[in-house]
């Protein structure tokens, strides 16, 4: 059997040493009435058969060429330098455990210390933790930090924050017992935090400074959900005085992978440091004065504080954080700015060309955006199908989350969408003419979009 | 040996990597007020320097690829390399989570089949694959249990947790708004049924149990415990950290558990990654199924789809559908092992733990009577007269080329040394480990000073954790 190491005589020698005849003699504490007779699973396979079966499943998925992805909504196609996978596939990193024994874990610990620094620099905040599961749970953790810090029981979501993040936030809030309100009109003196996304789920810029001022005037914390690539170019949360910055790090060197594993990050002002969830790595020295790194401030954590911990998180997303570190180190500040700028330029050219197609218009023509933008169009479903037939993953219809945005599609451009790809997309949409045909029934419609999530 | 920080090697004059230029020019310009004022101090390094930096860091780590990790309750077993290859297939890694269902039929089928397999292994009706880790799974299950009680108009406020439980149990309960009530362990290391009886009431939403428990002992009165818990209307929750003892041997669902979390990064060989990513699916019995996070994966006439139309769902516990890449790895492992292989794996794990336990008899104290399941807890208390602690035993093992066992846990054993050998360590490795531990015990008796000075041959010696916490330096600073 694969991955098992014993020969029959190894097992016999061990049984002999124990003075028993079979492993069953060691299972005497299990009531006979609940012993499993046989698992109803197929017999094991050879590696060759296993991989054929798994490859066959992979082959039943449609993979769009990266240059023809124009869909974002929280997961993006970006160029990933080969260095990233070369580092994360080193077994010394990916098969190591959480670095509880620092003397034997300096590689992981130093990599996390570098990650904490990179995220703090990128967000313009004082400190960052070792990582969280994803952007959505990072937002929920930030909201809980604010609830504890202010002693207030209500958080307010401003603007178009990723709807799945808000849904996760509600699930945490419902358990912990605090309220989530949507809309800045709810901000009051009982608000623990104002939560917003910059740029928002539709790709549009929010007035981050204004929202932060609004939060602070009410004694609430300002929590910004940010796109890490955007921070190569645009003002980070630290520059508009946000208290906590969170986000999703998928774009920093991780493949889309059907939504995970990716990596959440969280950074804050120094005075909130002890309220941070999860692991923190700090620098210290050994007896001979050599610098080393350790897990620190563990008194906040579940294995020490149990029911009084700041969070229940234990395993986080270390290896994904390592990928992000390699990516950011490869890019450097200028590389990151260039990636963000190329994405900006191409998205704006795409927006100009799409809105020139009859029947397609920018949904919010007066709003600034970075590299995702919403357009309103007729026949969303047919248009996206037409694109799909041409091998293009078109924009994301958002009516399934926002009924008032029925017929709105958010398109995304990154550095992987070269000018030819943009021409291909625009060509297919304008030649098909579907977007321009006036619908026979009622006005603009998405015909339900995909999935239909309540 | 130490390695400078990437930031310390950075050179301001180094040109950036060559990247594509826009190739188009838009009429728009990003307004100045949106622009970043101060450039982030990311390091500037060439690719050769980056690769060497990370290779050097890698060489400072112990890892399962090179060392034996006898870490109790962590199940550090071999991570099959075929799993890694499978997760990297473009047909998985290259999927957008918002593609139409009919373009991701293979991914949805994989999730559906993984759910079926895991449900068979643990004996439940349905499973959510959404939680990202074990603690996340615990909290997800408690949220479902909370929703279940509320749906019956009951407001239950307490969760009972044994004093031997993982710290995540009480933390997850508190995060769900419950008050944590602790139940004692008896002299035999199992839940004290009398104390449990005293603490059960209609205020209790759930009892969280690990079985085998963190002492590696099977809770042999589990059927009585389940009956007592259910008689009060509470639910029984299974912490799956120790499932590696039980595959094909005994199923939590058959013991009476209503909700079960699994750590795919323990039992199902997905790598630990230096602290994640993992995956923490949660299985439930029929009564809890309506409360599963959405979406679920459903099969209609051989076609797979994501079902969002679940009105009693607790909602979402993370974005998208879980750590899909880890699901691919676990699925690949289960296919390769089959029911027969998984059963043998658990049997070998139990055998290995008992073998090591027996071999240490007379060297370290083993406070609870065996046989044990897949792990056991020894105590270094017998070395206390020489001023040696469990921590010194741990550091002595590092010096001898082994990772350390889990120490100081569970809290109910003083100077605890918790050892879980797993099924993927050869007898030769187990023997070498036992020899190393015996050598450490002898050193503790003959030259405790020397033992307290170990490790001597690792990249750093024992680090000053007190000043690290007193004056936290959590980042490099540019000035």
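Below are the figures for this structure:
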| item | result |
| --- | --- |
| Residue among A:215, A:188 that is surrounded by 24 or more Cβ atoms within 10 Å (Cβ to Cβ) and touching a residue at least 24 places away in the same chain (Cβ under 8 Å) | A:215 |
| Positions within region B:231-277 being part of a loop (DSSP other than H, G, I, E, B) and more than 10 Å from chain A (Cβ to nearest Cβ), in sequence order | B:232, B:233, B:234, B:257, B:258, B:262, B:264, B:267, B:268 |
| Failed criterion for residue A:72 (all others in (1) facing chain B (nearest Cβ under 8 Å); (2) part of a loop (DSSP other than H, G, I, E, B) hold) | (1) |
| Condition broken by residue B:196, with the remaining ones in (1) at the interface with another protein chain (Cβ under 9 Å from one of its Cβ atoms); (2) modelled with pLDDT of 95 or more satisfied | (1) |
| Hits in region A:263-304 - residues which are within 17 Å of residue B:133 (Cβ to Cβ) and touching a helix residue (DSSP H, G or I) at 6+ places or on another chain (Cβ under 6 Å) | A:263, A:264, A:265, A:266, A:277, A:302 |
| Hits in region B:68-87 (condition: out of contact with any helix residue (DSSP H, G or I) (no Cβ under 7 Å at 6 or more places or on another chain), buried (at least 21 other Cβ atoms within 10 Å of the Cβ) and assigned to a loop (DSSP other than H, G, I, E, B)) | B:69, B:72, B:74, B:76, B:77, B:79 |
| Residue count, region A:4-37 (criterion: assigned to a loop (DSSP other than H, G, I, E, B) and at pLDDT 95 or above) | 13 |
| Count - residues of region B:88-108 that are closer than 15 Å to residue B:322 by Cα, assigned to a helix (DSSP H, G or I) and facing chain A (nearest Cβ under 8 Å) | 3 |
| The listed residue being more than 9 Å from chain A (Cβ to nearest Cβ) and either within 24 Å of residue B:62 (Cβ to Cβ) or in a loop (DSSP other than H, G, I, E, B) (or both), out of B:441, B:473 | B:441 |
| One residue from A:161, A:195 being within 13 Å of chain B (Cβ to nearest Cβ) and in contact with a helix residue (DSSP H, G or I) (Cβ under 9 Å, 6 or more places away or on another chain) | A:161 |
| Residue in region B:299-324 that is surrounded by the fewest Cβ atoms within 10 Å (Cβ to Cβ), counting only those that are at the interface with chain A (Cβ under 7 Å from one of its Cβ atoms) and closer than 17 Å to residue A:60 by Cβ | B:306 |
| Sole residue being over 34 Å from the mean Cα position of the chain (by Cα), facing another protein chain (nearest Cβ under 7 Å), surrounded by fewer than 20 Cβ atoms within 10 Å (Cβ to Cβ) and in a loop (DSSP other than H, G, I, E, B), chosen from B:15, B:20 | B:20 |
| Residue in region A:299-316 that is more than 7 Å from every other protein chain (Cβ to nearest Cβ) and in a strand (DSSP E or B) present | no |
| Region A:251-282 - residue that is free of Cβ contacts under 8 Å to residues at least 60 places away in the same chain and over 20 Å from the mean Cα position of the chain (by Cα) and, of those, farthest from the other protein chains (Cβ to nearest Cβ) | A:271 |
| Filtered residue count, region A:154-193, keeping only those that are more than 15 Å from the chain's Cα centre (by Cα) and more than 26 Å from residue A:365 (Cα to Cα) | 23 |
| Count - residues of region A:233-250 that are surrounded by fewer than 24 Cβ atoms within 10 Å (Cβ to Cβ) and either away from every other protein chain (no Cβ under 12 Å) or modelled with pLDDT under 95 (or both) | 1 |
| Residue A:134 touching a residue at least 12 places away in the same chain (Cβ under 8 Å), at negative phi, at the interface with chain B (Cβ under 7 Å from one of its Cβ atoms) and within 20 Å of the chain's Cα centre (by Cα) | yes |
| Count of region A:75-101 residues which are touching a helix residue (DSSP H, G or I) at 6+ places or on another chain (Cβ under 6 Å) and more than 7 Å from chain B (Cβ to nearest Cβ) | 4 |
| Single match in A:259, A:278 (criterion: surrounded by 24 or more Cβ atoms within 10 Å (Cβ to Cβ) and over 22 Å from residue B:321 (Cβ atoms)) | A:278 |
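The values are calculated or read from the model by the stated rules, or taken from the named source; none is laboratory data. Bear in mind the structure is a predicted one, so any value in this text is a computation, not a measurement. As a convention, Cβ positions derive from the backbone with ideal geometry for all residues, glycine included, and neighbour counts pool all protein chains shown.
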